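Working notes, beginning with the structure itself.
The values are calculated or read from the model by the stated rules, or taken from the named source; none is laboratory data. What you are looking at is a predicted structure, and each value in this text was computed from that prediction instead of being measured. Cβ: placed from backbone, ideal geometry, glycine included. Neighbour counts: every protein chain shown. The protein model used for the area step is the full one, side chains on, heavy atoms only, and it has no ligands, DNA or RNA in it. Shrake-Rupley method; radii C 1.70, N 1.55, O 1.52, S 1.80 Å.
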Amino acid sequence: MKSERHEGFRGRLDPGGQVLLVSPHVNIGFAATGPGEDLYSPVIKEADRLGFVELVRRAQELTESVRTGSINASDLQGATLTLTNIGAFEATGGTPFVIPGQVAMVCSGSVLDRPRYPGGNGQDAPLARRKSLPLKLVFDHRPFNGSHAAGFLRTIKHNLETMDLKKLIG
């Protein structure tokens, strides 16, 4: 999960918005709906130190505390990157904004069936239906350019495509 190549995406901007402060850990914020349809962004602190099962368990705990209105203020601070899933509402796209102080947000849409060539080159493979997950990365251009952001998104894509859930859940 933690990548030195993309360490800036573990950063926050200083209060003046001029200096990128890189965290030694990945602190993942995620969107969760609370009472009255209010939106919160609880934070899984030091997510890079957690295994997959522990990461899921912590996300469930934080989501439950948001839903019941018992979330602590400290659990809403310190994210280095925030994830949002508008796919939960059957949406395929949207443009979230970067939370002040953070440098990026990753947004996923609904899983779609799309025509794809399984081999990737389209020459010898028949066209087939494949699942596709729309991802969008919004980022602050002060610490990054489009090339940095595209590389980070490619890494996320690669990790999702090659992950072995059986190994992750042991």
So which residues in the stretch 28-56 are within 28 Å of residue 145 (Cβ to Cβ) and touching an Asp or Glu at 6+ places or on another chain (Cβ under 7 Å), if there are any at all? 43
Working only within the stretch 77-110, note down all residues that are of a type in the set (Val, Ile, Thr) and at pLDDT 85 or above. 80, 82, 84, 98, 99, 103, 106
Count - residues of the stretch 69-117 that are farther than 16 Å from residue 149 by Cβ, aliphatic (A, V, I, L, M) and touching a helix residue (DSSP H, G or I) at 6+ places or on another chain (Cβ under 6 Å): 1
Options 98, 103, 111: the member that is of a type in the set (Val, Ile, Thr) and either in contact with a His (Cβ under 9 Å, 6 or more places away or on another chain) or under 16 Å from residue 6 (Cα atoms) (or both): 103
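Residue-by-condition table, conditions (1) touching a Pro at 6+ places or on another chain (Cβ under 8 Å); (2) closer than 21 Å to residue 137 by Cα; (3) aliphatic (A, V, I, L, M):
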{"site": "74", "(1), (2), (3)": "no, no, no"}
{"site": "77", "(1), (2), (3)": "no, yes, no"}
{"site": "95", "(1), (2), (3)": "no, yes, no"}
{"site": "107", "(1), (2), (3)": "yes, yes, no"}
Which pairs do you get when a residue that is over 8 Å from residue 86 (Cβ atoms), found in the stretch 100-111, comes within reach of a residue that is assigned to a strand (DSSP E or B) and open to solvent by less than 10 Å² (accessible area, probe 1.4 Å), reach meaning Cβ atoms under 7 angstrom, with the pair 6+ apart or on two chains? 102/82; 103/11; 105/82
Criterion first (more than 22 Å from residue 17 (Cβ to Cβ), open to solvent by 80 Å² or more (accessible area, probe 1.4 Å) and at pLDDT 85 or above) does residue 60 satisfy it? yes
Tell me which residues, restricted to the stretch 1-54, are among the acidic types (Asp, Glu), closer than 16 Å to residue 84 by Cα and not in a loop (DSSP other than H, G, I, E, B). 37
In the stretch 111-129, what count of residues is obtained for those that are modelled with pLDDT of 85 or more and open to solvent by 90 Å² or more (accessible area, probe 1.4 Å)? 3
What are the residue pairs meeting all of these: first residue in the stretch 148-170, first residue under 17 Å from residue 133 (Cβ atoms), second residue of a type in the set (Ser, Thr, Tyr) and in a loop (DSSP other than H, G, I, E, B), Cβ atoms under 9 Å, and 6 or more apart or on different chains? 152/3; 155/3
Set 28, 99: member being among the β-branched types (Val, Ile, Thr), within 25 Å of residue 142 (Cβ to Cβ) and open to solvent by 40 Å² or more (accessible area, probe 1.4 Å): 99
